[in-house]
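Student: The structure under discussion is supplied below as structure tokens; questions concerning it will follow.
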Amino acid sequence: MTERALRLGTRRSKLAMAQSGQVAEKVRQLTGRPVELVEITTYGDISREHLAQIGGTGVFVAALREALVRGEVDFAVHSLKDLPTAQPEELVLAAVPEREDPRDVLIARDGLTFAELPDGARVGTGSPRRMAQLNAYARSHGMTIQTVPIRGNIDTRIGYVHKGELDAVVLAAAGLSRIGRTGEVTDFLSVDTVLPAPGQGALAIECAAHNASLAAALAELDDPYTRAAVTAERSLLAALEAGCSAPVGALADLLADGQIVKEMRLRGVVGTTDGSTLVQLSTTGPVPETETQAMALGRELAVEMLAKGAAGLMGERAL
């Protein structure tokens with residue numbers, strides 16, 4: 001008797017379908033079972049408001065999680081940066097696969113890099129985090145740019161540039177890579193210029209906590225270094241008591257001495273969306289061997305950032 005297909009819950013966007021399809025193929029290979037995609041519409045997909053206004057946190061994942069809890073799907077794939085930092089008891093984060101490029105990228109008219117943008121250039125992004133850092137970089141380099149809040153899928157956002165409504169848009173490198181569109185990038189933004197969102201470039205594979213056999217099978221897709229890095233980043237976000245629409249950037253990376261990975265560095269930034277004030281700090285520690293150690297690294301940096309005034313910068317919302 002053929003085992004029934006595993007049902008993978010996914011958002012309906014082109015990007016979500018692409019990344020879920022890639023995970024589905026890996027799960028098929030692992031388990032020998034067919035996997036069918038179950039498309040689920042989330043509040044974040046249908047609301048036309050800017051993310052900062054609808055709260056950001058969880059708007060793309062709540063419906064998927066509800067379907068998991070109700071048993072309508074067996075597992076779900078999320079962009080990790082969309083996940084709230086609190087994990088529901090009835091669900092388990094079964095795997096965090098190896099991360100894609102975490103950087104942000106620019107797609108600009110006429111092939112321009114960020115440094116080549118003309119004065120007054122209109123740069124589209126729905127992210128207060130990106131606004132804060134882009135505006136801060138522009139200020140420090142004598143540039144003037146205008147950040148414009150935008151929503152929509154990748155096609156819609158790039159369309160603003162093609163139609164001449166914006167000079168450039170900023171997107172995540174990982175998303176463009178997953179749908180095969182990195183050829184349109186005009187500038188990969190260094191993480192020294194713009195720190196990504198906590199968890200950016202990583203996927204989260206979630207299933208019901210009671211389904212231990214499926215959780216164990218999915219765990220084969222887990223990358224321990226990626227999980228340690230994103231756990232530290234998300235611990236920083238949680239300790240700052242900030243949601244995924246707050247202007248917080250974070251990146252944990254591994255520092256190697258030759259081939260031997262020695263330490264993990266965690267960098268964090270919080271800023272006002274106009275870029276006038278940034279709190280940016282980093283800390284370095286041994287590569288975490290447990291989730292507890294990774295979380296401690298994030299909390300440690302958050303305490304330092306709060307002491308430098310980070311809390312006062314996070315109440316701001318992009319209008």
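Nothing in this text is a laboratory measurement; each read-out follows from the coordinates by a stated rule. Worth saying up front: this structure is predicted, and the values here are computed from it rather than measured. Don't worry about glycine lacking a Cβ; one is built from the backbone with ideal geometry, like all the others, and counts go over all protein chains shown.
Student: Which option, (i) 23.8, 75; (ii) 19.4, 69; (iii) 20.5, 70, is the value of Rg and Dmax of the Cα atoms in Å that was calculated from these coordinates?
Tutor: (ii)
Student: Given Cβ point charges of +1 (Lys, Arg) and -1 (Asp, Glu) and nothing else, what value in debye, to the nearest 20, does the dipole of the chain about its Cα centre take?
Tutor: Dipole magnitude for the chain comes out near 520 debye.
Student: Residue by residue through segment 80-85, what is 3J(HN,Hα) from phi via Karplus (6.51 cos²θ - 1.76 cosθ + 1.60, θ = phi - 60°)? Round to whole Hz and write x for glycine and proline.
Tutor: With coefficients 6.51, -1.76 and 1.60, one gets 4, 5, 7, 6, x, 6 Hz.
Student: Could you tell me the distance between the Cα centroids of segment 256-319 and segment 20-37, to the nearest Å?
Tutor: 35 Å
Student: Order 68-77, 285-294, 304-313 from most to least packed using the mean count of other Cβ atoms within 10 Å.
Tutor: 68-77, 304-313, 285-294
Student: Counting alpha carbon pairs within less than 8 Å and at least 6 residues apart, what relative contact order, in whole percent, applies to segment 104-188?
Tutor: Relative contact order of segment 104-188: 50 percent.
Student: In addition: Show which lysines lie in cross-link reach of residue 163 when reach means a straight Cα distance below 24 angstrom and same-chain residues fewer than eight apart are skipped.
Tutor: Hits, sequence-local ones excluded: 14.
Student: Something else about it: Which ³J(HN,Hα) values, rounded to whole Hz and listed in residue order, are derived for segment 160-171 from phi using the Karplus coefficients 6.51, -1.76 and 1.60 in 6.51 cos²θ - 1.76 cosθ + 1.60 with θ = phi - 60°, glycine and proline given as x?
Tutor: Each residue's phi maps through the Karplus curve to give 4, 6, 4, 7, x, 6, 10, 7, 6, 10, 10, 9 Hz.
Student: Next question, about the same structure. Count the DSSP beta bridges whose two residues both fall in the chain, then state the antiparallel fraction as a percent rounded to the nearest 5.
Tutor: Just about 75 percent of them are antiparallel.
Student: Modelled label-to-label distance, residue 291 and residue 62, 7 Å Cα→beta-carbon offset: nm?
Tutor: 2.4 nm
Student: Evaluate the relative contact order of the chain (contact order divided by residue number), counting alpha-carbon pairs under 8 angstrom at least 6 apart; express in whole percent.
Tutor: Over the chain, the number comes to 21 percent.
Student: Could I ask something else about it? So what's the gap between the Cα centers of segment 215-255 and segment 130-148, to the nearest angstrom?
Tutor: 27 Å
Student: Find out how many positive minus negative residues lie around residue 8, taking Lys and Arg as positive, Asp and Glu as negative, among other residues whose Cβ is under 12 Å from that of residue 8.
Tutor: Value of the local net charge: -1.
Student: Indicate the gyration tensor shape class of segment 97-148 (rounded, prolate or oblate), computed on the Cα atoms with a ≥ b ≥ c the square roots of the eigenvalues: a/c under 1.5 is rounded; otherwise a/b larger than b/c is prolate and the rest oblate.
Tutor: Prolate shape, in that a/c is at least 1.5 and a/b is the bigger ratio.
Student: Through the Karplus equation 6.51 cos²θ - 1.76 cosθ + 1.60, θ set to phi - 60°, convert the phi angles of segment 258-266 into ³J(HN,Hα) values in whole Hz; use x for Gly and Pro.
Tutor: Here the 3J(HN,Hα) series is x, 8, 9, 6, 9, 9, 10, 9, 10 Hz.
Student: Using a ≥ b ≥ c from the Cα gyration tensor of segment 158-199 (square roots of the eigenvalues), is it rounded, prolate or oblate, where a/c under 1.5 gives rounded and otherwise the larger of a/b and b/c decides, a/b for prolate?
Tutor: oblate
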